[in-house]
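FYI, it's all coordinate maths here, none of it is from the lab. These numbers come from a predicted model, not from an experiment.
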Amino acid sequence: LPFVSGAVAERCTFVGYLSYSIFMASWVYPVVVHACWSDIGWLSPWVGDGAKVENNDGGEGNVAAAWEDGAAILNTGAYDFAGSGVVHMTGGIAALVGAVMLGPRLGRFRDGKVSDTMSGSSTVLVVLGTLILWIGWYGFNPGSI
C-alpha cells in the first residue's frame with residue numbers, strides 16, 4: 001500500500017484511497033500471495049512434486065491435475081525469498097495502474113511543459129523522514145533473513 005500512496009499523492013481523495021486499500025488487502029493481495037506462496041499455487045515452485053492437499057470430504061488427494069507437470073513459469077515456479085517479490089511486484093503494478101489512471105498532478109504541467117511553480121520540500125522534514133526510514137529499515141530487514 002505505501003507504493004501506491006506515493007504514486008497517487010495529491011491526485012486522489014481519501015475515500016478513493018481507502019476503497020483501493022480495502023480492495024487490495026481483501027482481494028488482490030491474497031490471490032497473488034496464494035499463487036506464489038501456497039503449495040498448490042500456480043506460481044509455486046513446489047507444484048507438481050506430489051504435494052498432498054486436503055479434499056472437501058476430509059481425505060487427501062494430489063494437487064489439481066492442471067499443475068501436475070510443474071508450475072506455470074518454465075515449469076520451475078517463482079521462488080520468492082522472504083516474500084519480497086510478491087510484495088514489491090503487487091505494490092509496484094498497483095502504483096503504476098493508479099498513476100496511469102489518475103494522470104499527472106494538477107499544476108505539474110502547463111502547455112505540455114514542466115511547470116516550475118511547484119513548491120519545494122522542507123529540508124528538515126526530508127532529513128527527518130530519511131532518518132525514520134533508515135532506522136526502520138534496519139529494524140525490519142534483519143527479521144526477514
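Remarks
- Applying the Karplus relation 6.51 cos²θ - 1.76 cosθ + 1.60 with θ = phi - 60° to the range 98-104 yields 3J(HN,Hα) values of x, 5, 5, 5, 7, x, x Hz, where x marks Gly and Pro.
- Taken as Cα centroids, the range 119-138 and the range 29-47 sit 36 Å apart, rounded to the nearest whole angstrom.
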